[in-house]
Amino acid sequence: MTERIFLQVDGLRFSYPECAVLNALSLAWPAGLALVRGDESCGKTTLLRLLAGELAAQAGRITLQGTSLDEAPKAYAQKVFWIDPRSGELDTLTAQGWLDSLPARYPQWDAAALDAHTEGFALHEHLHKPLYALSTGTKRKVLMAGALASNAPLTLIDEPVGGLDKPSIRYLAQALPSQATQSDRLIVVAHYDTLADVPWGSVVDLVRR
């Protein structure tokens, strides 16, 4: 039985002024877990930003659950969770304040899942702190807890283990597979290598141009 296509990417092209990054990339991914893999500067984050609608491609088409990014950008955006962990846009918010803002944005928000991820990532002692005061790893854990609890149809996570301690990496490797059987969600992770023990349903390897 052929798996239903959840995210369709056709002929995606994107270049920065100094270099081409993606050239006619096409994907057809079912729901589940997908890995975008490659070395530094090969376009992993750029692809996530394109999938999020944060960057505009020079050519190509992205369709999520039948919704075209070009034709219905607002409807498409409502299906996507994306926060760049390097961005300082949220830094003045406390971790708890940011997490409290998410249920209004994501109708399938799972409060019980957030409790589990808060415990699994050992975040309780950090929730009162502003995001700018958190270490790189702790900020990433807060963002991933929100991402996983959002239940957004397309959830995009960039370089998830940057700055993480070993117990948190182990927890992440347990938390991601729990999403793999959902038929109404695709989690796309960008990382330089395969995370051990994560059952990726789809993998794309990018190379530096």
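Our summary gives the stretch 29-87 a relative contact order of 20 percent, counting only alpha carbon pairs under 8 angstrom and 6 or more residues apart. Label-to-label distance, A72 versus D110, with points set 7 angstrom from Cα along the beta-carbon direction: 2.5 nm. For the stretch 50-92, the solvent-accessible area of protein heavy atoms averages 54 Å² per residue (probe radius 1.4 Å; ligands and nucleic acids excluded). Rounded to the nearest 5, what is the percent of antiparallel bridges among the DSSP beta bridges in the chain? In the chain, approximately 45 percent of DSSP beta bridges are antiparallel ones.
With contacts defined as alpha carbon pairs under 8 Å and 6 or more residues apart, what's the relative contact order of the chain in percent? Result for the chain is 31 percent. When only the Cβ of Lys, Arg, Asp and Glu is charged (+1, +1, -1, -1), the dipole of the stretch 54-183 relative to its Cα centre reaches about 140 debye. Full extension of the chain segment joining A133 with A24 gains 35.2 nm, where the gain is 0.36 nm per residue of separation less the Cα-Cα distance. Which shape class, rounded, prolate or oblate, goes with the stretch 122-209 when its Cα gyration tensor gives a ≥ b ≥ c as root eigenvalues, a/c under 1.5 marks rounded, and past that a/b bigger than b/c marks prolate? Prolate, since a/c reaches 1.5 and a/b exceeds b/c. The apolar share of the surface of the stretch 1-152, taken as the fraction of accessible area on carbon and sulfur atoms (1.4 Å probe, ligands and nucleic acids excluded), comes to 50 percent. Between G162, A112, I187, whose Cα lies farthest towards the positive end of the dipole of the stretch 94-209 when Lys and Arg beta carbons carry +1 and Asp and Glu beta carbons carry -1, centred on the Cα centre? With unit charges placed on the Cβ atoms, the residue in question is G162.
Taking a ≥ b ≥ c as the square roots of the eigenvalues of the Cα gyration tensor of the stretch 71-126, is the shape rounded (a/c under 1.5), prolate (a/b larger than b/c) or oblate? Oblate. Shown here for the stretch 1-80: GluC sites (Glu not before Pro) in loop regions (DSSP other than H, G, I, E, B) with at most 10 other Cβ atoms within 10 Å, namely E18, E40, E71.
If a paramagnetic tag sat 7 Å from the Cα of E40 along the Cα-Cβ line, which residues of the stretch 172-209 would have the backbone N under 13 Å from that point? Those under the cut-off are 192. The local environment of P177, defined by Cβ-Cβ distances under 14 Å, has a net charge of +1 under the rule Lys, Arg +1 and Asp, Glu -1.
Accessible area per residue was computed with a 1.4 Å probe on protein heavy atoms; K166 scores about 150 Å².
A helix-only calculation puts the chain at -7500 deg cm²/dmol for mean residue ellipticity at 222 nm, using -39500 (n - 2.57) for each DSSP H run of at least four residues, averaged over all residues. Let a ≥ b ≥ c be the square roots of the eigenvalues of the Cα gyration tensor of the stretch 1-100; is it rounded (a/c under 1.5), or, if not, prolate (a/b larger than b/c) or oblate? Judged from the Cα gyration tensor, the stretch 1-100 comes out oblate (a/c at least 1.5, b/c at or above a/b).
Pairs of lysines in the chain whose Cα atoms sit within less than 18 Å of one another amount to 4, provided the residues are eight or more positions apart or on different chains.
Taking a point 7 angstrom from the Cα of Q182 along the C-beta vector, which residues in the stretch 17-35 have backbone N less than 19 Å away? Label zone hits: 29-35.
The values are calculated or read from the model by the stated rules, or taken from the named source; none is laboratory data. Just so it is clear, the structure is predicted and the values come from calculations on it, not from any experiment. So basically every Cβ, Gly included, is an ideal-geometry build from the backbone, and we count neighbours across all protein chains shown. With ligands, DNA and RNA removed, areas are computed over all heavy atoms of the protein, side chains included. Shrake-Rupley method; radii C 1.70, N 1.55, O 1.52, S 1.80 Å.
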